[in-house]
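Note sheet for the following structure.
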Amino acid sequence: MSIIRLRDVCVLLVACATALTPAVIHAQDDLSYGQDASMADAHGPGVRAELSGFFNNLAVQGSYPFRLAWHEPGRAVLGAGVLAGLVMLDPAIHDATHADASSGLGSWGESMAQIGGGTYTLPLIAAFGVAGMLGSPRESDTAILLAESAASTGLWTSALKEVSRRTRPRETAEGDGDWTGPGAAFAEDPVGTHALQSFPSGHSSGTWAVATVLAHQYPSHHVVPVLAYGGAAAMSYSRMVVNAHWFSDVVVGALIGYGCARQTIGAREARETASGGNSHPLRVYLDMGNGYHGVGLSYGL
């Protein structure tokens, strides 16, 4: 694991911790000075519920292809056929986008790649988490949705990269990229790990997951959805321009990001409906009373 990846993992952990803070603090609406210590017993269920929901989401997402193949084999076959068609189109689309890079879009694509990396996107989760801690329930929910969607999307994207080990366009002279599979790690002269991580695109899956959450949370006047999905599409295209991914890589990455985010959103809404629509908003406020003053926390039950 490279230093950049280790840094991104650390940022993700901090972002997730910030986003899940409202689930950690589980107190009464009116916290008073000298509150009974037994209230600490209520601090745990929120975190346990979030973690349980997250791992349940992973189970649902991971089993989806198998459930689809079992219950709707026609759709599964159609999906496999579409994917095969996209792979067949990869060489032609690669030639077109490579020409775009030569025309001056290459530097733009490199800039987009930097913006879409974890160094820039993961702090966004922490920013929403901080806003939620300061009294904004919607931002608190947005932070949790972003953290869970980003985590599940990253997990499935990384797993598929390891299983497929497809060669990146810039690392091969082949027209459509080799699918070396996990056995490539045991080859006598193995190719660099980064060169075999083309399928699917992590930049594409990550930005589409973020875009899906933001579009869902801020649908007013369609401005945010248009900007969010437009930015995600631009990011996906930029990955082809810089010769880092094939067309099928970015399409599948976008589907993974969108699918994981939509499933996470749906599961969270179902849990909130089952619990009476409770989103547990955390608020920070100044508290003054007879002989004391300080900062108070309010956690809606």
Residues of the range 163-184 that turn out to be surrounded by fewer than 15 Cβ atoms within 10 Å (Cβ to Cβ) and modelled with pLDDT of 90 or more, as a count: 1
query: Are there any pairs, at least 6 apart or on different chains, whose C-beta atoms fall under 9 Å, with the first in the range 127-156 and on the phi > 0 side of the Ramachandran plot and the second charged (D, E, K, R) and surrounded by fewer than 21 Cβ atoms within 10 Å (Cβ to Cβ), and if so, which?
result: G135/R283
- request: Can you tell me which residue among I265, I256 is buried (at least 22 other Cβ atoms within 10 Å of the Cβ) and among the β-branched types (V, I, T)?
  value: I256
- line: Going through (1) surrounded by fewer than 24 Cβ atoms within 10 Å (Cβ to Cβ); (2) modelled with pLDDT of 95 or more one by one, S220 fails only at (2)
message: When you scan the range 270-284, do you find a residue that is at pLDDT 90 or above, among the basic types (K, R) and surrounded by fewer than 18 Cβ atoms within 10 Å (Cβ to Cβ), even just one?
response: no
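Each row is one residue, and each column tells you yes or no for (1) surrounded by 14 or more Cβ atoms within 10 Å (Cβ to Cβ); (2) farther than 27 Å from E269 by Cα; (3) modelled with pLDDT of 75 or more; (4) hydroxyl-bearing (S, T, Y).
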position	(1), (2), (3), (4)
L51	no, no, yes, no
N57	yes, no, yes, no
R75	no, no, yes, no
D90	yes, yes, yes, no
H98	yes, yes, no, no
G106	yes, yes, no, no
S111	no, yes, no, yes
A126	yes, no, yes, no
G132	yes, no, yes, no
Residue pairs meeting the criteria (Cβ under 6 Å; at least 6 apart or on separate chains; first free of Cβ contacts under 8 Å to residues at least 40 places away in the same chain, in the range 230-251; second among the hydroxyl-bearing types (S, T, Y)): A232/T207; S236/S204
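The values are calculated or read from the model by the stated rules, or taken from the named source; none is laboratory data. Just so it is clear, the model here is predicted, and its values are computed rather than measured. Cβ atoms come from the backbone with ideal geometry, glycine included; neighbour counts cover every protein chain shown.
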